[in-house]
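This report concerns only the one structure given below.
The values are calculated or read from the model by the stated rules, or taken from the named source; none is laboratory data. Everything quoted here is computed from the prediction, not taken from an experiment. All Cβ positions, glycine included, derive from the backbone under ideal geometry; neighbour counts span all protein chains shown.
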Amino acid sequence: MARIQLYDTTLRDGSQGEGVNFSLQDKLQITLKLDELGFDFIEGGYPLSNQKDAEYFQQVRDLDLKHAQVAAFGMTRRKGIGPEDDVGLKALRDSLAPVVTIVGKTWDLHVTEILRVDLEENLAMIRDSVGFLAAEGRRVVYDAEHFFDGTEANRDYALSTLKAAEEAGAEIAVLCDTNGGSLPERIAEFVEIARKELSIPVGIHCHNDSDVAIANSLAAVDHGAIQVQGTINGIGERCGNADLISVAANLSLKKGHDVLHDGGERRLTELSRYVYELANMNFRNGQPFVGASAFAHKGGMHVHAVNRLASSYEHIEPEAVGNERRVLVSELSGRSNIVAKTTKYQLDHDGDLMKRIMEKVQELEYIGYQFEAAEASFDLLVKKLAGNYEPKFQRIHYRVNVETGHRPAMPDQPLDEALTEATIKLSVNERIEHVVAEGDGPVNALDNALRKALLPSYPNLAEMKLVDYKVRVINSAGGTAASVRVVIESRDADEVWSTVGVSENVIEASWLALFDSVEYKLLKDEGQVGENGTTDSTQQPESLAEQMMP
C-alpha cells in the first residue's frame, strides 16, 4: 500500500485546546519524540504570534532530527500589501523552517464577510503568498480553510483557490474541515472532486466537532489523500482534531499503509502518554488503541474467552500499539478473571484460593471498594490471601489536627490560613517512629508524616510522588455520614499505580489508600508485587490494611 504522510500539528493547533499550554522545552521534547517514531512533518507554530514560537524555530535547528521536516504556520498576506512587505510572511521566511504551511480562505463567505475583500483579491493573496515563499526555496503546504463548507456553498470558487495555490508553487493542497461538521460521505465526494481538478496531491485536516474526525481522515485517504494532519490524542480547539494516534494505528494495522518507521506503531501508547504528561492532562482511559481500558476485560465470560483466544474479544494485539491486556476484578468477575489476574504471581490456582479471592472482592465491593482503578490494592489483597504478605510497617495510631484563626467580620477580608498537622506513631523494623508533620490539608500532612517516619529505613520512598487524589460519596443517602471511597494515584520513575480506601471518615479512607500506596512501592521495589511479583505461600494471611479484612 501507499506511503501516507503524517503531519502533526500538536504544537500549534493542539495547543489551542482549552487548558493546553506547552513550554518551549516541552515543544522541543515533543519534536524529538515525534521524529523518533517517524512522523513526516511537525508544525512548530506561528513565528509571528509570540516569542516562544519564534524561539522554537531558532532552537529546533539545533536538534538532530532524523526524519521529520519542521513546518512553520502562517496566513496569506494582508490585503493591499505586497508579500515582501508583509510582516507575517517575512517572519515565516526568517524562521528558516524548511516547510511553510500557508492557510487561505476557501469559502466565499469568509472572503467577503470576514476578510472583507473581493473574491479576486483573495485569489491574488493566495498566489502572492505561496509564490513568495516558494521563490525563497521553501516547501509550501497550502491549507484550504473551510474547504468542505466552501465547496458546498460555491464549488467553482473553492476550487479556484486551490488552483491559485497550485499555480504559485504549493506542493500539496490540504483540504480542511475547519468547522468539523462534515460526515465521511461528503469528505469522500469532495476529495474526489479536488483530486480531479489538481495536478498536485491533496491532504486532509479534520476537526472533531461531529465526532468523526478520524473516520473522515480515513475516508479521505481511501479516496486519494496522501497526507493526514492532526494532533496527538486529538487535542485542539473546541472538540479537538483528528487523533493521529488512532489515525496511524488504523492506517498501518487495518489498512496496510506505510506510516511511521522502525516499528513506530508499537510506541504509540508511549507517545500518547508522553504528550499527556507534558500537557499536564489526565490520561483518557477509554481512548482507543492506547487507553488503559482499551484492552481491559471485566465480565467473567469475556475473560474466559480471552484466556482461550485473545482475538475473540480484541480487534488487535495490544502489543501492536505498545499497550497491554488488563483483566479487571469486580463483583461481576468470575473465576477466569481471578485466574488471569493472579497468573503473574505464579500461584497454585487451586479452586479454594480462587474462591476466597473472588468472595473477598465481592465482599469488599459490597461496602464500597472498587479494584478496577486500584490494581495495586488488589495485588496486596492477593498476597495477603495467598499467605505471603509481611508488612513493612504497622500503624500504632495517627492523629490529624486542623486549626483555623478568627473569622473576619467583613466578607472581603481574607480568611486566616488553616494549619494542618499530622502525628503518626508506627512500628518500623521493630523500632517505634513517632513523628509530626504539617501539610496543605489532612492528606498531605499524613503523607508528609508517613514519609518522615519511613525515609530513614526506606530512602527509595523519596522518588515516589502522589499525582492524583479522588473522593467519591458511595451512599449519598447517608448525608454527611455517608461512606466515601478514596482513590490515590502514585508514581515513581518506572510505574504508575492506584490504591483505594473506604470509610465513613474521609481521613481514614485516605489513610487506607495512602497506606496501600506506600506499601506497594516498598514491595514493588523488592520485586514482590507488580509484573515481576512472585508469591510463595509459607505465611499466614494478614489484613488488607487492618480495617479492610475481618
Q.
Would you confirm whether or not the stretch 27-36 contains a residue that is within 30 Å of LEU268 (Cβ to Cβ) and β-branched (Val, Ile, Thr)?
A. yes
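Every residue, every condition in (1) within 25 Å of ILE424 (Cα to Cα); (2) in contact with a strand residue (DSSP E or B) (Cβ under 8 Å, 6 or more places away or on another chain), yes or no:
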site: ASP352; (1), (2): no, no
site: LYS355; (1), (2): no, no
site: ASP379; (1), (2): no, no
site: VAL382; (1), (2): no, no
site: ALA386; (1), (2): no, no
site: PRO391; (1), (2): yes, no
site: GLN394; (1), (2): yes, yes
site: TYR398; (1), (2): yes, yes
site: VAL402; (1), (2): yes, yes
Q.
So, in the stretch 371-419, exactly how many residues are more than 19 Å from LYS521 (Cβ to Cβ), touching a Ser or Thr at 6+ places or on another chain (Cβ under 7 Å) and modelled with pLDDT under 80?
A. 3
Q.
I'd like to check which helices (runs of 4 or more DSSP H) are fully inside the stretch 174-277 and have at least 3 residues that are small (Gly, Ala, Ser) and touching a residue at least 40 places away in the same chain (Cβ under 8 Å).
A. 244-249
**Q.** the stretch 451-461: number of residues that are of a type in the set (A, V, I, L, M, F, W, C) and part of a loop (DSSP other than H, G, I, E, B)
**A.** 1
Q: Output the residue which, of all residues in the stretch 359-380 that are part of a loop (DSSP other than H, G, I, E, B) and either under 26 Å from the mean Cα position of the chain (by Cα) or not β-branched (Val, Ile, Thr) (or both), is farthest from TRP511 (Cα to Cα).
A: GLU372
(Q) I'm trying to understand the selection: among the residues of the stretch 177-189, which are surrounded by 24 or more Cβ atoms within 10 Å (Cβ to Cβ) and either among the small types (Gly, Ala, Ser) or in contact with a Phe, Trp or Tyr (Cβ under 6 Å, 6 or more places away or on another chain) (or both)? (A) ASP177, SER182
Q | Residues located in the stretch 239-271, provided they are under 19 Å from GLU36 (Cβ atoms) and among the polar types (S, T, N, Q) | A | SER252, THR269
**Q.** Condition met for LEU65 (modelled with pLDDT under 95, in a loop (DSSP other than H, G, I, E, B) and surrounded by 15 or more Cβ atoms within 10 Å (Cβ to Cβ))
**A.** no
(Q) I'm checking my understanding of the structure. Among residues of the stretch 141-173 that are without any contact (Cβ under 8 Å) to a residue 40 or more places away in the chain and not in a helix (DSSP H, G or I), which one is surrounded by the fewest Cβ atoms within 10 Å (Cβ to Cβ)? (A) GLU171
Q) What single numbered condition from (1) under 32 Å from the mean Cα position of the chain (by Cα); (2) under 23 Å from GLU237 (Cβ atoms) fails to hold for GLU185? A) (2)
Q. What residue, of VAL500, VAL471, VAL484, is over 20 Å from ASP379 (Cα atoms) and surrounded by 15 or more Cβ atoms within 10 Å (Cβ to Cβ)?
A. VAL484
Q.
Please determine whether any residue of the stretch 35-52 is touching a Ser or Thr at 6+ places or on another chain (Cβ under 9 Å), of a type in the set (D, E, K, R) and at pLDDT below 95.
A. yes
Q) Got a sec? Which of LYS254, LYS196 is farther than 23 Å from GLU113 by Cβ and in contact with a His (Cβ under 9 Å, 6 or more places away or on another chain)? A) LYS254
Q | The listed residue being under 26 Å from PHE132 (Cβ atoms) and more than 25 Å from the chain's Cα centre (by Cα), out of ASP53, ASP13, ASP85, ASP40 | A | ASP85
Q) Any idea which of (1) closer than 21 Å to ASP13 by Cα; (2) touching a strand residue (DSSP E or B) at 6+ places or on another chain (Cβ under 8 Å); (3) surrounded by fewer than 23 Cβ atoms within 10 Å (Cβ to Cβ) is the one GLU55 doesn't satisfy? A) (2)
(Q) Checking ARG78 against (1) surrounded by 15 or more Cβ atoms within 10 Å (Cβ to Cβ); (2) part of a helix (DSSP H, G or I); (3) out of contact with any Lys or Arg (no Cβ under 8 Å at 6 or more places or on another chain): exactly one of these is not met. Which one? (A) (2)
Q) What tally of residues in the stretch 1-40 results from selecting those that are part of a loop (DSSP other than H, G, I, E, B) and either among the hydroxyl-bearing types (Ser, Thr, Tyr) or crowded, with 17+ Cβ neighbours inside 10 Å (or both)? A) 13
Q. Residues of the stretch 42-52 being in a loop (DSSP other than H, G, I, E, B) and surrounded by 23 or more Cβ atoms within 10 Å (Cβ to Cβ), which ones?
A. PRO47
